[in-house]
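Novice: Below are the structure tokens for one structure; questions will follow.
The values are calculated or read from the model by the stated rules, or taken from the named source; none is laboratory data. This structure is a prediction, so every number in the text was calculated from the model and none was measured. Counting neighbours? That spans all protein chains shown, and the Cβs are built from the backbone with ideal geometry, glycine included. Just the protein is used for accessible areas: all its heavy atoms, side chains included, with ligands, DNA and RNA removed. Shrake-Rupley method; radii C 1.70, N 1.55, O 1.52, S 1.80 Å.
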Amino acid sequence: MDTPRSLDVVPSPTAFGKLSRAAAGIDRVSLLAMLAILIGWFFVDTLTVSLGSLRHGVRFFDISAAIVDPTRIFFGVDASFQRIIFGLICCLCLLAPLLPHWRGGRSAWLSYLAPLALMVICGALLYSKTSGEFFSAPTDARSLGGSVIRFADDLVRRSTGLVSKHVSVGVGGYLAFAGSLALAAQGMRRLRRHAP
């Protein structure tokens, strides 16, 4: 009886190997879009504030602190656990387009929308946080306290109107948004191509 002399054992691919194979499957336009998002989110200012000679910028991965407290746009963002968690969320959204190349399935192409969805959600949250009432007035409108609160809210609203003229979208915001739109278009194109 012959016994086999050697068994060909194929090692199972590691997570890094699977990730690198998935990255190799992405087209050049999507890779360039992901690079633009990476630069726009982590290395270039998304929002810029200019008051006279003072110039301050906020990067996208710091925007969660500005959503919680919009004054952080003007006074800087301190290091916090929240910043780390949002940075990880940004990284996950940035790597989400690897999913259809790693795992099959038609709906996996929707992961190309993740960076755009994150930017739209953050923009909407920041807008809603800065455009709402700053102080809530009591239900009794005739009270002195209600009048003072309405006066304070009106005063703050007028000052934020003046301040908002000094806040603008930075190069990072435009770069990341353009990259997110290009990536979303690529994902939708691939989704339609894989239609049943």
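Novice: Cβ-Cβ distance below 7 Å, separation of 6 or more or different chains: which pairs start in the stretch 74-94 with a residue that is among the aliphatic types (A, V, I, L, M) and end on one that is modelled with pLDDT of 95 or more and open to solvent by less than 70 Å² (accessible area, probe 1.4 Å)?
Specialist: The qualifying pairs are Leu94/Met34; Leu94/Ile37; Leu94/Leu38; Leu94/Pro115.
Novice: Take residues that are of a type outside the set (D, E, K, R), surrounded by 13 or more Cβ atoms within 10 Å (Cβ to Cβ) and out of contact with any Pro (no Cβ under 7 Å at 6 or more places or on another chain) and tell me which of the helices (runs of 4 or more DSSP H) falling wholly in the stretch 23-130 contain 3 or more.
Specialist: Because the criterion is at least 3 residues that are of a type outside the set (D, E, K, R), surrounded by 13 or more Cβ atoms within 10 Å (Cβ to Cβ) and out of contact with any Pro (no Cβ under 7 Å at 6 or more places or on another chain), the helices (runs of 4 or more DSSP H) in the stretch 23-130 that meet it are 28-42, 63-68, 81-95, 99-102.
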